[in-house]
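Please read the structure below before turning to the comments.
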Amino acid sequence: MPRCFAPIALGIALVASAGCTPTVKVTADEPITINLNVNIQHEIRIKVDKELDSILSENSGLF
Amino acid sequence: MTTYHTVTAKLLFLVALLFAGGHAMALELDDAKARGLVGEQPDGYLGVVQDTAEVRTLVTDINAKRRAEYQRIATANNVGLADVEKLAGGKAIEKTAAGNYVRGADGAWRKK
């Protein structure tokens with residue numbers, strides 16, 4: 001192959017690769033945190049939790 | 001006489017088709033979540049990720065039903081609706097499948 005082809009081929013390869021840079025993020029940036037500022041008595045909280053768990057289950061069709 | 005019955009039969013068939021397809025075409029919640037059309041929010045309600053009329057209809061419908069449930073739980077336990085909503089939101093986000101959308105405190109949608 002003539003020597004002048006090498007830089008041309010390199011140039012084409014660089015341009016081609018510039019458009020092919022798929023980025024795959026394997027790790028999350030930061031964890032998803034929820035701040036719960038809820039002031040409820042413990043026993044009532046347990047009961048509310050249980051009732052919410054019930055509607056969050058598959059059967060309700062709401063979640 | 002044969003022609004009259006055939007036409008009537010055909011008309012009835014077409015009318016039946018009109019009503020038959022209705023429910024099957026409505027957007028289902030599981031489907032919408034899997035397709036990234038909707039996502040869970042910290043306030044306990046479903047949010048619109050892809051804004052279309054169909055998605056908005058689903059979201060409005062689901063959220064109305066959720067609100068009714070939250071209100072029922074709040075009243076039954078003598079706690080504020082907002083508290084129930086927040087607790088529900090936390091649970092819903094926790095329960096969201098990986099790859100589905102959730103809304104952050106900053107309002108931005110992210111895939112879990």
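The values are calculated or read from the model by the stated rules, or taken from the named source; none is laboratory data. All values reported here derive from a predicted model rather than from experimental measurement. When we count neighbours, we look across all protein chains shown, and the Cβ atoms used for this are built from the backbone with ideal geometry, even at glycine. The accessibility values were calculated without ligands, DNA or RNA, using every heavy atom of the protein model including side chains. Shrake-Rupley method; radii C 1.70, N 1.55, O 1.52, S 1.80 Å.
Quick notes on this one:
- Summing charges over all other residues whose Cβ lies under 14 Å from the Cβ of residue B:82, with Lys and Arg as +1 and Asp and Glu as -1, gives 0.
- Mean projected area in nm² (Cα convex hull; one quarter of hull surface) for chain B: 10.0 nm²
- For the pair residue A:32 and residue B:30, label points projected 7 Å from Cα toward Cβ lie 2.0 nm apart.
- Rolling a 1.4 angstrom probe over chain B with all protein chains present gives an accessible area of which 61% lies on carbon and sulfur atoms.
- Leaving ligands and nucleic acids aside, the A/B contact buries around 2200 square angstrom of accessible area in total at a 1.4 Å probe radius.
- Neighbourhood net charge (14 Å Cβ-Cβ; Lys/Arg +1, Asp/Glu -1) for residue B:64: +2
- When the helices of chain B are scored as -39500 (n - 2.57) per DSSP H run of n ≥ 4 and the total is divided over every residue, the value at 222 nm lands at -20000 deg cm²/dmol.
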